[in-house]
Amino acid sequence: MMDYLFVNKPNALYEALKQYPIVDLAPVYDKGVRGRTMSGRGSNWLLAKVRDVGVKVIIDLRTADHTDRYDHNVAEAGLEYHNLPIDSRNTDVHQIIGSLPLLFELMDNGGFYIACAMGRHRTDIAIALYYVMHPSVPFEEVPEMRGHRYVEKKEFRCDDIAARLNSIIKAVTPDELAMLGLPADYEAEFLRRKKHLFEVNRNFED
């Protein structure tokens, strides 16, 4: 069914980078790429490669595992750096809500590399927030939650994504909704998008 296909758009950054050993590299819409944080001592050459193919911004979602050495390495490579901590439960919900306008702007602008420590779980949460809380993203353009889909077992484990999405819609204030450009009655659209996100990601039919 057409409704159960993931968004699949040409992504020049992904095509240019897939020749390099970037763990869990994948496209994010047609705008950017995702993968593991390139913070290891031997990864500076990869930062240069992502810069050379057109990545302009590094979005680092790490929380407690964040150090400033990576900031310096990114700056040395001539890239813009943003640390926007996102996780399923520990980070203050209003801190995450407050970071969403910048996250969405960076993703809208394109040319980004978004990552958490492993490039899987927190990255999925950030991309889920982009789809569910940013309705300029078309409803039918559902992103794949790659870190939570176990294709071999045909399982989609979404508890931590659901926990964070639910915490945000429960806690968000009218002022925060306005800051995000959302109407006061946004909850119904939130629920519609969350349901569709999970339904599409639970589908393992060819």
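The values are calculated or read from the model by the stated rules, or taken from the named source; none is laboratory data. Remember, it's a predicted structure, so these values are computed and weren't measured experimentally. As a convention, Cβ positions derive from the backbone with ideal geometry for all residues, glycine included, and neighbour counts pool all protein chains shown.
For this structure, a couple of remarks:
- The set of residues from segment 58-83 being crowded, with 19+ Cβ neighbours inside 10 Å and within 19 Å of GLY110 (Cα to Cα) comprises ILE58, ILE59, ASP60, LEU61, VAL74, ALA77, LEU79.
- Of residues in segment 32-47 being of a type in the set (D, E, K, R) and either touching a helix residue (DSSP H, G or I) at 6+ places or on another chain (Cβ under 8 Å) or closer than 17 Å to GLY147 by Cα (or both), the one surrounded by the fewest Cβ atoms within 10 Å (Cβ to Cβ): ARG36
- Any hit, segment 147-154, residues being basic (Lys, Arg) and touching a residue at least 24 places away in the same chain (Cβ under 8 Å): yes
- When we screen VAL151, VAL137 for residues that are out of contact with any Phe, Trp or Tyr (no Cβ under 6 Å at 6 or more places or on another chain) and within 22 Å of PHE6 (Cβ to Cβ), the only hit is VAL151.
- Criterion applied to ILE58, ILE86 was being among the hydrophobic types (A, V, I, L, M, F, W, C), touching a residue at least 12 places away in the same chain (Cβ under 8 Å) and under 20 Å from LYS18 (Cα atoms), and the one residue passing it is ILE58.
- Checked against the criterion of being touching a Cys at 6+ places or on another chain (Cβ under 8 Å) and closer than 30 Å to ILE169 by Cβ, the candidates THR63, THR91, THR37 yield just one match: THR37.
- Subset of segment 1-39 [over 18 Å from GLY110 (Cα atoms), at pLDDT 95 or above and hydroxyl-bearing (Ser, Thr, Tyr)]: TYR20
- Meets criteria (surrounded by fewer than 17 Cβ atoms within 10 Å (Cβ to Cβ), among the aromatic types (Phe, Trp, Tyr) and not in a strand (DSSP E or B)) for PHE198: no
- Restricted to segment 83-175, the set of helices (runs of 4 or more DSSP H) holding at least 2 residues that are within 24 Å of ASN8 (Cα to Cα), β-branched (Val, Ile, Thr) and under 14 Å from the mean Cα position of the chain (by Cα) comprises 121-133.
- Leading residue by the ranking (nearest to SER99 (Cα to Cα)) among those in segment 119-160 that are surrounded by fewer than 16 Cβ atoms within 10 Å (Cβ to Cβ) and among the hydrophobic types (A, V, I, L, M, F, W, C): PHE139
- Pair list, Cβ < 9 Å and 6+ apart or interchain, from segment 172-191 residues that are among the small types (Gly, Ala, Ser) to residues that are part of a helix (DSSP H, G or I) and modelled with pLDDT of 95 or more: GLY181/PRO101; ALA184/PRO174; ALA184/LEU177; ALA184/ALA178
- The C-beta contact set for segment 93-106 (first residue in contact (Cβ under 8 Å) with a residue 40 or more places away in the chain, second residue of a type in the set (S, T, N, Q) and surrounded by 13 or more Cβ atoms within 10 Å (Cβ to Cβ), distance under 6 angstrom, 6+ apart or interchain) comprises VAL93/SER167.
- Subset tally (residues that are of a type in the set (Ser, Thr, Tyr) and in contact with a Phe, Trp or Tyr (Cβ under 6 Å, 6 or more places away or on another chain)) for segment 154-180: 0
- Scanning segment 150-206 for residues that are closer than 12 Å to VAL132 by Cβ and among the acidic types (Asp, Glu) gives GLU187, GLU189.
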